[in-house]
1. I'd like the full set of residues that are basic (Lys, Arg) and closer than 23 Å to Ser203 by Cα, limited to segment 43-89.
2. For segment 162-193, enumerate the residues that are at pLDDT 75 or above and of a type in the set (S, T, N, Q).
3. List, please: which pairs have Cβ atoms under 7 Å, are six or more places apart or on different chains, and start with a residue in segment 103-129 that is under 21 Å from Ile200 (Cβ atoms) and charged (D, E, K, R) and end with one that is at pLDDT 95 or above and crowded, with 19+ Cβ neighbours inside 10 Å?
4. Please enumerate the residues belonging to segment 73-118 that are among the hydroxyl-bearing types (Ser, Thr, Tyr) and within 15 Å of the chain's Cα centre (by Cα).
5. Being of a type outside the set (Asp, Glu), surrounded by fewer than 19 Cβ atoms within 10 Å (Cβ to Cβ) and under 20 Å from Ile93 (Cβ atoms) narrows it down to one residue among Ser232, Ser256; which is it?
6. Just checking, does segment 18-33 include any residue being of a type in the set (Phe, Trp, Tyr) and at pLDDT 50 or above?
7. Which pairs turn up if I take residues in segment 77-95 that are under 14 Å from Arg38 (Cβ atoms) and look for partners that are surrounded by fewer than 23 Cβ atoms within 10 Å (Cβ to Cβ) and of a type in the set (D, E, K, R) with beta carbon separation below 7 Å, at least 6 apart in sequence or on another chain?
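The values are calculated or read from the model by the stated rules, or taken from the named source; none is laboratory data. In this text, all values refer to a predicted model and were calculated from it rather than measured experimentally. Quick reminder, even Gly has a Cβ in these numbers, built from the backbone with ideal geometry, and neighbours come from all protein chains shown.
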Amino acid sequence: MEWQREIQSDGIVDSRTVELPIYEYERTPAYERAGRYRAQVAFVSPPSRRSSFESETECFLGVSLENRNFEPARFHALLEWIARRFAKCKILIGDSIHRITLETKLGLLAEVALPAALKSGREFIDEHRSLVESYRGTTEFEFVTCQDIQKTSAYAQYSRHIRDYFDRTPEFKDSVEAFGRHYHRSDLDEIGHNRSTYLIRRSCDYFLEEFAIFSCLVKDGNAVMVYPGSFSTLAEIADGVFPTVLPELQALTVVSIKLKRR
């Protein structure tokens, strides 16, 4: 069986087709068989922390379930990037909040969506545990789940605060709803008003739950978030657009990563 593989000779990397024995292919990790990626900083919010965020000793990596940016090869690139910069990293698995995606994208009932979302979270951890443990000598990675954080009293407090702020601050509500419209932009032109309103409302629920979860992590000392994507409302918070929002969110530095195939 033939596979594309990079061969290095005298410092020159040459990509050519070689014959890989079946046994060698089968023990090659999935993230290597899928191709290699390089993680690079796309932008940092706020920009003023672009040159200082690496002075922090720890960060957290947000993981969106069933998202192509967290397939094994891309996830490996994210871990590799983090391991070069931070001594500790919490890997935040978006399990319980993924129920909202399953409800809106697949039409699952709430009582079905939550168990399915939690199962996806467990499967992601099981699939990637050995890869994470391979970095044990470099960086202390730890899986944490949104479900566990949402059970805490701190989350309940932050959730009440952020929802109250959403209800009484029109500019913040507009920003979060615009974020939701952008997420569902490919669907909104083809559905009716009631369905559009439902999708945007549920997206707002998703983002507000995330913001309360992020606040809990910042409170516990994780003030740098790494994510292969962007959060427009978080960027606005970081830029001081909403000066009376939760101080934990204002203290958060968001490092947006782009992933490029090597």
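1. Of all residues in segment 43-89, those basic (Lys, Arg) come to 49-50, 68, 74, 84-85, 88.
Arg68 - this is the single residue of segment 43-89 that is basic (Lys, Arg) and closer than 23 Å to Ser203 by Cα.
2. Matches in segment 162-193: Thr169, Ser175.
3. Within 7 Å, the pairs are Glu103/Ala113.
4. Pass one, segment 73-118, residues among the hydroxyl-bearing types (Ser, Thr, Tyr): 96, 101, 104.
Matches in segment 73-118: Ser96, Thr101.
5. On the way: Ser232 fails: under 20 Å from Ile93 (Cβ atoms).
None of the others qualify; the one that does is Ser256.
6. Initial filter on segment 18-33 (of a type in the set (Phe, Trp, Tyr)): 23, 25, 31.
Now drop any that are not at pLDDT 50 or above, which leaves none.
Checked against the condition, which is being of a type in the set (Phe, Trp, Tyr) and at pLDDT 50 or above, segment 18-33 yields no hits at all.
7. Hits for this filter: Ala77/Arg38.
Every residue, every condition in (1) closer than 16 Å to Phe70 by Cα; (2) outside any helix (DSSP H, G or I), yes or no:
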position	(1), (2)
His128	yes, no
Glu142	no, yes
Arg163	no, no
Phe166	no, no
Lys173	no, no
Val176	no, no
